Amino acid sequence: WGGAGSSGPGAVAAWRPAYRHDRTTAQGAAMNRKKTTRPTDFRAWTPDFDEWPERWMGMEEDLDYGRRLLPYFADFLQAILDEGLSRRTFALHRDNLWLLGGSIISRVNLFEEYADDPLEKLTRCVGGGGILPDHFDQMSESELDEFARTCRRVERYLKNNPPGARRPTPQDPA
């Protein structure tokens, strides 16, 4: 480089803007943090949720089965939103849940298991760390680990929150 202001071959002159806000200080971080309100309904961070069964569908029969899975997924997504997880962590579980739903529908379709209870199928599929998702061979090891973590979390949720025993939400009157 060796241009004007350098002190020798290969030297790079230090450049600093006239005004540099230090984002590493607590005051700087607080000034840069946007004031946002946290949504109270998981659909704010999952606007296409009701369309999931159509996206999983391979055949017409898949649509009804997918719709019967949605209430369990909705309860889980609302619960993790209510826990106060970061948007990034919520999105990770949401995306893995979408992948889980598609994988369940693929298996139901392949083995023609439309008569199986969706809750029982979901419980079996998340047990022991979960099933391998469709196209698992195209996923990295860390993506597979994240998927397994989501399955374990869903398994714990189903065990601790049996259907019919709905948890109170912030929207419920006191």
Pairs with Cβ under 6 Å, 6+ apart, first in the stretch 104-128 and aromatic (F, W, Y), second assigned to a helix (DSSP H, G or I) and open to solvent by 30 Å² or more (accessible area, probe 1.4 Å): Y114/E61
Per-region count, the stretch 102-126, residues out of contact with any Asp or Glu (no Cβ under 8 Å at 6 or more places or on another chain) and not in a loop (DSSP other than H, G, I, E, B): 8
In the stretch 45-61, residue least open to solvent (accessible area, probe 1.4 Å) [restricted to those that are out of contact with any helix residue (DSSP H, G or I) (no Cβ under 7 Å at 6 or more places or on another chain) and outside any helix (DSSP H, G or I)]: D48
Residues satisfying the stated conditions in the stretch 109-152, i.e. open to solvent by less than 40 Å² (accessible area, probe 1.4 Å) and on the phi > 0 side of the Ramachandran plot: G129, G130
Close pairs from the stretch 55-70: first aliphatic (A, V, I, L, M), partner outside any helix (DSSP H, G or I) and open to solvent by less than 90 Å² (accessible area, probe 1.4 Å), Cβ under 6 Å, at least 6 apart: L63/M57
Qualifying residue in the stretch 88-95 (condition: open to solvent by 20 Å² or more (accessible area, probe 1.4 Å), at pLDDT 95 or above and among the aromatic types (F, W, Y)): no
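Here's the yes/no breakdown for (1) within 15 Å of the chain's Cα centre (by Cα); (2) hydrophobic (A, V, I, L, M, F, W, C); (3) not in a helix (DSSP H, G or I):
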| site | (1), (2), (3) |
| --- | --- |
| P71 | no, no, no |
| L100 | yes, yes, no |
| G128 | no, no, no |
| I131 | no, yes, yes |
| D145 | yes, no, no |
Of all residues in the stretch 72-87 being open to solvent by 50 Å² or more (accessible area, probe 1.4 Å) and without any contact (Cβ under 8 Å) to a residue 24 or more places away in the chain, the one that is farthest from L158 (Cα to Cα): S86
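The values are calculated or read from the model by the stated rules, or taken from the named source; none is laboratory data. This structure is a prediction, so every number in the text was calculated from the model and none was measured. Virtual Cβ from ideal backbone geometry, glycine too; neighbours counted across all protein chains shown. For the accessible areas, the whole protein counts, side chains as well, though only heavy atoms, and no ligand, DNA or RNA atoms are used. Shrake-Rupley method; radii C 1.70, N 1.55, O 1.52, S 1.80 Å.
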